[in-house]
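The structure that follows is given in the form of C-alpha cells.
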Amino acid sequence: MKIAVCDDDKVAREHIVSLVKEQIKDAEIMTFATGEEMLKAQNNFDISFLDVEMREISGMDVANHIRQKEQGNTKSIIIFVTGYEKYMNQAFDVSAFHYLLKPIDEEKFRNVFGRALNELYAAEERTKRYILVRNSGTQQKVYIKDIYYIESANKKVIIHTRTGILDSYGKMDEWEQMTGSGFYRCHRCYLVNMEQIVSYNADTIKVVNGDKLILAQKKYNDFIRQYMKYAKDGGIVNV
C-alpha cells in the first residue's frame, strides 16, 4: 500500500506519519513538503493526506491533478488535513474521503484512517466479483465492476459493459439478486451499477459511458436513500 503525506509543515508531516504507522506497519509512506514535489514524484498512491494552503501548488490543485490522472472508476482516497474550514465545499468537488481540521484530533484521525483502509480493502474485493452470463450458447465471465447497467428489452436482457454489449435472458428480479447491493432497480427495465453513475436528477440517471436511464418518479426518494447508503458504506461515487 502506498501512502502520500503532503504538508509544508514538517511537524504536521511527522505527526501524520506516526499516526499512520500505528495502524499499518508495512505501508510505503512518502512525504512531501510541497504540492510540486508530490506531482513530480508521479506515483499512484492508494491514500493521500493533503494540506490545502501550500506555496505555489495547493493541496486542492494536487487533488484535482490526481483525479484527472485516474482511469475509469479506480479512485484513490484523498483526505485533507488543514487548519482552514473554508475549503470544505471544494473538497466535495474532488470526491475527498474526509476533511480533518488541525490541530489533529488523534482519535478522529484513527477512526477516519481506519474507515479509509476498510474502503480500500472492500474496493479490492469488489474488483474480483463476477457473474456468469449465458451469451450465444456459451457462459461468459463478466466482472461486476465492468457493468454499466442491465436493460430488459424485447424479451431479452442486455448487459451494457465497459468491453461491449451482451445479450442474455432471464427475469430482472433474478439479475437484481445476482448483481447484489451495489446495483439499483431504477425502473422496471433498468438495473444500474451505482459505481457507474455520474449524475442524476428527478427522472434520469446518467452513467459513465454517457447513456441516460429512466428513473421512475415513484422511486426517486428511495434511490436517494439507497445511493447515500451505498456511498456511506464505502461505494465509489462519481457524482
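The values are calculated or read from the model by the stated rules, or taken from the named source; none is laboratory data. What you are looking at is a predicted structure, and each value in this text was computed from that prediction instead of being measured. Cβ atoms come from the backbone with ideal geometry, glycine included; neighbour counts cover every protein chain shown.
State whether the residues of segment 29-51 include one that is touching a residue at least 40 places away in the same chain (Cβ under 8 Å) and among the small types (Gly, Ala, Ser). Steps first, answer last, please.
Going residue by residue through segment 29-51, those that are touching a residue at least 40 places away in the same chain (Cβ under 8 Å) are 43-51.
Narrowing further to those that are among the small types (Gly, Ala, Ser): 48.
Looking through segment 29-51, at least one residue is touching a residue at least 40 places away in the same chain (Cβ under 8 Å) and among the small types (Gly, Ala, Ser).
Table: residues versus (1) buried (at least 17 other Cβ atoms within 10 Å of the Cβ); (2) touching a Lys or Arg at 6+ places or on another chain (Cβ under 7 Å); (3) of a type in the set (S, T, N, Q); (4) under 30 Å from residue 93 (Cα atoms).
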position	(1), (2), (3), (4)
141	no, no, no, no
155	no, no, no, no
160	yes, no, no, yes
176	no, yes, no, no
179	yes, no, yes, yes
183	yes, no, no, yes
207	yes, no, no, yes
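Taking the stated definitions as given, is residue 135 farther than 23 Å from residue 231 by Cβ and touching a strand residue (DSSP E or B) at 6+ places or on another chain (Cβ under 6 Å)?
Details: farther than 23 Å from residue 231 by Cβ: yes; touching a strand residue (DSSP E or B) at 6+ places or on another chain (Cβ under 6 Å): yes.
Taking the combined requirement at face value, the residue satisfies it.
Of all residues in segment 109-161, count the ones that are over 12 Å from residue 179 (Cβ atoms), hydrophobic (A, V, I, L, M, F, W, C) and within 22 Å of the chain's Cα centre (by Cα).
Qualifying residue count, segment 109-161: 8.
Condition (residue is crowded, with 19+ Cβ neighbours inside 10 Å and modelled with pLDDT of 95 or more) applied to segment 108-129: is it met by at least one residue?
Scanning segment 108-129, I find at least one residue that is crowded, with 19+ Cβ neighbours inside 10 Å and modelled with pLDDT of 95 or more, so the answer is yes.
When residues of segment 88-112 are filtered for being in contact (Cβ under 8 Å) with a residue 40 or more places away in the chain and over 21 Å from residue 64 (Cα atoms), how many remain?
Within segment 88-112, residues that are in contact (Cβ under 8 Å) with a residue 40 or more places away in the chain and over 21 Å from residue 64 (Cα atoms) number 5.
Looking only at segment 184-232, count every residue that is closer than 23 Å to residue 76 by Cβ and in contact (Cβ under 8 Å) with a residue 24 or more places away in the chain and tell me the total.
Selection size over segment 184-232: 12.
If I ask for residues that are outside any loop (DSSP other than H, G, I, E, B), of a type outside the set (S, T, N, Q) and out of contact with any Ser or Thr (no Cβ under 8 Å at 6 or more places or on another chain), which ones from segment 122-139 would you list?
From segment 122-139, those outside any loop (DSSP other than H, G, I, E, B) are 122-126, 130-135, 138-139; that's our starting set.
Pick out the ones that are also of a type outside the set (S, T, N, Q) and you get 122-126, 130-134.
Listed by number, the residues that qualify are 122, 123, 124, 125, 126, 130, 132.
Can you tell me which residues in segment 21-63 are surrounded by fewer than 16 Cβ atoms within 10 Å (Cβ to Cβ) and β-branched (Val, Ile, Thr)?
24
Another question, then. Report yes if residue 104 is buried (at least 18 other Cβ atoms within 10 Å of the Cβ), under 24 Å from residue 33 (Cα atoms) and of a type outside the set (Asp, Glu), otherwise no.
Answer is no for this residue.
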